[in-house]
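*Asks:* First, the structure itself, so that you have it in front of you.
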Amino acid sequence: MSIKRTRLGSKESRSAALDAARRLLIAEGPQAVTLKRVSAEIGRTHANLLHHFGSAAGLQSELAASIAERVTAGISKAVERARAGETDPREIVDQTFDAFSREGAGALAAWMILTGNRDALDPVLNSLRELVAELGVGRDAAGVAATTLALVLSALGDSLLGDSVAEALGLPRDTAREAATQRLRERIASGN
């Protein structure tokens, strides 16, 4: 029995592949984000995805970029609301930590680095640079960058080792989030 394939445009095919890759990342981890697995998920051929992404590394890079773009857009809005006193900085911390943990960005970043695909992080780093440039307008740009660095590294480390380290130290699981929130509250209160 043959599988009926529906013709998708290039944009739709890429979008379907990234959605499937994201589901696989969350459900099974970065090692599951392969061209073969994603093509099977969306009923496309391996060659079709190879055409769109060039390689599994290309797919993973675009997946990381799409996560970064979506997350940084949400964080930008949350920062502006926090600066205006409309929300608590914990929203920013939770969005950042959730991107690395629940959405799999931490595991994906670690996987790309460990497999020698460091260049695939360039879109993520570009998104962070753009976010810091946007948030730093009219403020202490170096301070915004340093705060972002601390938050991102805390979220990344927490996504990879948070459960184990918190348990080993006998601390509540959200201790890292609480510490990051306190630092961010102080930063926002200082006007930056």
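*Asks:* Among SER127, SER55, SER154, whose mean-square fluctuation peaks in a Gaussian network model of the chain (Cα, cutoff 10 Å)?
*Replies:* SER55
*Asks:* Report, in deg cm²/dmol and to the nearest 500, the calculated mean residue ellipticity at 222 nm for the chain, where each DSSP H run with n ≥ 4 adds -39500 (n - 2.57) and the sum is divided by the residue count.
*Replies:* Helix contribution divided over all residues of the chain: -24500 deg cm²/dmol.
*Asks:* Are there GluC sites (Glu not before Pro) in the stretch 61-156 that DSSP marks as loop and that have at most 10 other Cβ atoms within 10 Å, and which are they?
*Replies:* Answer by residue number: GLU86.
*Asks:* Does the stretch 61-189 come out rounded, prolate or oblate by the C-alpha gyration tensor, with a ≥ b ≥ c the root eigenvalues, rounded set by a/c under 1.5 and, if not, prolate when a/b is larger than b/c and oblate if not?
*Replies:* Note, shape of the stretch 61-189 comes out oblate.
*Asks:* Also, quick follow-up: According to the square roots a ≥ b ≥ c of the eigenvalues of the Cα gyration tensor, what is the shape class of the stretch 1-82, taking rounded for a/c under 1.5, prolate for a/b larger than b/c otherwise, and oblate for the remainder?
*Replies:* Taking the square roots of the gyration eigenvalues as a ≥ b ≥ c, the stretch 1-82 is prolate.
*Asks:* Using Cα pairs under 8 angstrom and six or more residues apart, how large is the relative contact order of the stretch 61-189, in percent?
*Replies:* After rounding, I find 33 percent.
*Asks:* Within the stretch 7-41, report the trypsin sites (Lys or Arg not before Pro) that DSSP leaves as loop and that have at most 13 other Cβ atoms within 10 Å.
*Replies:* ARG7
*Asks:* Tell me the net charge near SER190. Cut-off is 14 Å between Cβ atoms, SER190 excluded, with +1 for each Lys or Arg and -1 for each Asp or Glu.
*Replies:* That works out to +3.
*Asks:* Classify the stretch 97-171: rounded, prolate or oblate, from the alpha-carbon gyration tensor (a ≥ b ≥ c, eigenvalue square roots; a/c under 1.5 rounded; otherwise prolate if a/b is larger than b/c)?
*Replies:* Details: a/c = 2.75, a/b = 1.34, b/c = 2.06.
Oblate, since a/c reaches 1.5 and b/c is not below a/b.
*Asks:* The stretch 93-192: which trypsin sites (Lys or Arg not before Pro) are DSSP loop and have at most 15 other beta-carbon atoms within 10 angstrom?
*Replies:* On the way: sites: ARG102, ARG118, ARG129, ARG139, ARG173, ARG177, ARG183, ARG185, ARG187; in loops: ARG102, ARG139, ARG173.
Sites meeting the loop and neighbour criteria: ARG102, ARG139, ARG173.
*Asks:* Given the options LEU49, LEU131, LEU171, state which has the largest fluctuation in a GNM of the chain using a 10 Å cut-off (strictly under) for Cα springs.
*Replies:* LEU171
None of the figures in this text is laboratory data; all of them are computed from the coordinates on show. Because the structure is predicted, anything quoted here is derived from the model rather than measured. Reconstructed Cβ throughout: ideal geometry from the backbone, glycine too, with neighbour counts over all protein chains shown.
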